[in-house]
Amino acid sequence: MNATFTPVDTPYVTVDVYDVSFAGWGGQPIRGWLTLPRARDGRLPCVVEFVGYGGGRGLATDHLGYASLGYAHLLMDTRGQGSGWRQGDTPDDAAGSGPQVPGFMTRGIQSRDTYYYRRVFTDAVRAVETARSHPEVDGTRIAVAGGSQGGGISLAVAGLTDVQLCLPDVPFLCHYDRATRIVDSFPYGEIGQFLKTHRGRAEDVFGVLAYFDGVHFAARAQATALFSVGLMDDTCPPSTVYAAYNAYAGAKDIRVYEFNRHEGGGDAHALERMTFLHAHWRTR
């Protein structure tokens, strides 16, 4: 794993923060933050969180919520991202060859072997393994969480590992074929733009994307899940979220925000996530 946890000096008095590095896809170093409640007794459940599209891990002082609940929190930086709305620190050193639309949705789209999210999903599984390697984390109590892209990554990890809980909020990366045909908003719009230029490639492109579709990962997942969806979401259409939810094999529930777009339940749903975690972890 080559996992390192380097203490970071912050002004906080209730949490300890560590600068994390671990070996992701191809052994490439992936960055993150581990935040632990300073008052702790014994090994802690851990929430492994993934970031929305275009964002990065940000600053060491950005992430207090889960540690404030009494849990360990490992936030994974997303390779190559982190300039759109929050800074990142992890390069994508193995970009697939071939033409692409600016962004990440068509990077390496020529093959399932070179596609960008193959590397990201591998990184994410390794993030769970890194969390479990820490001596103060209870490896039997791991949750994966995230909004939008982070929700899609969470579904992939839940389908590939034996995590206990999964909290995908308004998940992206689900039912690419439908999403691309019913909305032209970005990031799905990157795929549409690619196909607008590369005429006749739709079958090949969607054939590659099928290997990275949250619907298929959901069908493998056994973790207990809490989804959320905004019924007016024109970034991740609700029918694509429901496609993953309906396919999800484990115990599941969903919170529906009828008049919300891609923000979903916002702070109101953050409280739902907290209640969900306490219901499963404070009973032990």
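Tabulated results
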read-out: 0 to 90° range, to nearest 10: angle between helix 238-247 axis and the chain longest Cα axis; value: 70
read-out: Nearest-ten-degree value, helix 188-197 long axis tilted from longest Cα axis of the chain; value: 30
read-out: Surface share of carbon and sulfur [accessible, 1.4 angstrom probe, percent] for region 1-98; value: 50
read-out: Accessible area per residue in Å² at 1.4 Å probe, computed on region 67-146; value: 34
read-out: Local net charge near Gly108, Cβ-Cβ under 11 Å (Lys/Arg +1, Asp/Glu -1); value: +2
read-out: Rounded, prolate or oblate (a/c below 1.5 giving rounded, otherwise prolate when a/b exceeds b/c) for region 151-284 by Cα gyration tensor; value: oblate
read-out: Neighbourhood net charge (13 Å Cβ-Cβ; Lys/Arg +1, Asp/Glu -1) for Arg40; value: -2
read-out: Cβ-placed point charges (K, R +1; D, E -1), dipole of region 78-129 about Cα centre in debye, nearest 20; value: 140
read-out: Rounded to 10°, Cα long-axis angle of helix 266-281 versus longest principal axis of the chain; value: 60
read-out: Accessible area per residue in Å² at 1.4 Å probe, computed on region 202-284; value: 49
read-out: Inter-centroid distance (Cα atoms) of region 158-206 relative to region 255-284, Å; value: 24
read-out: Student exercise, the chain dipole from Lys, Arg, Asp, Glu Cβ charges, in Debye to nearest 20; value: 400
read-out: Where region 149-191 is the region considered: accessible area per residue in Å², 1.4 Å probe; value: 27
read-out: Dipole-positive endmost among Pro187, Ser228, Leu165 within region 159-229 (Cβ charges, Cα centre); value: Pro187
read-out: 16 Å tail of the calculated P(r), region 117-194, as % of Cα pairs; value: 55
read-out: Shape category assigned to region 1-50 from the gyration tensor of Cα positions, a/c cut at 1.5; value: prolate
read-out: Other-chain or far-sequence residues with amide H under 5 Å of Val137's (modelled H); value: Leu44
read-out: Max mean-square fluctuation residue, GNM over the chain, Cα-Cα springs under 10 Å, options Ala143, Ala156, Ala60; value: Ala60
read-out: GNM flexibility winner over the chain from Tyr242, Tyr117, Tyr211 (Cα, springs under 10 Å); value: Tyr211
read-out: Distance between modelled label sites at Thr197 and Met232, nm, 7 Å Cα→Cβ extension; value: 3.4
read-out: Residue-wise HN-Hα coupling along region 30-35, computed from phi with Karplus coefficients 6.51, -1.76, 1.60 (Hz; x: Gly, Pro); value: 10, 9, x, 10, 10, 10
read-out: Length released on extending from Glu272 to Gln87, taking residue separation times 0.36 nm less the Cα-Cα span; value: 63.9 nm
read-out: Mean Cβ count within 10 Å, highest first, over the residues of peptides 227-239, 176-188; value: 227-239, 176-188
read-out: For region 128-284, size of Cβ-based charge dipole, Lys and Arg +1, Asp and Glu -1, in debye; value: 220
read-out: Accessible-area composition of region 153-255, carbon plus sulfur, in percent [1.4 Å probe]; value: 50
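The values are calculated or read from the model by the stated rules, or taken from the named source; none is laboratory data. Remember, it's a predicted structure, so these values are computed and weren't measured experimentally. For neighbour counting, all protein chains shown are included, and Cβ atoms are generated from backbone atoms with ideal geometry for every residue, glycine included. Protein only, heavy atoms only, side chains kept; ligands, DNA and RNA dropped before computing areas. Shrake-Rupley method; radii C 1.70, N 1.55, O 1.52, S 1.80 Å.
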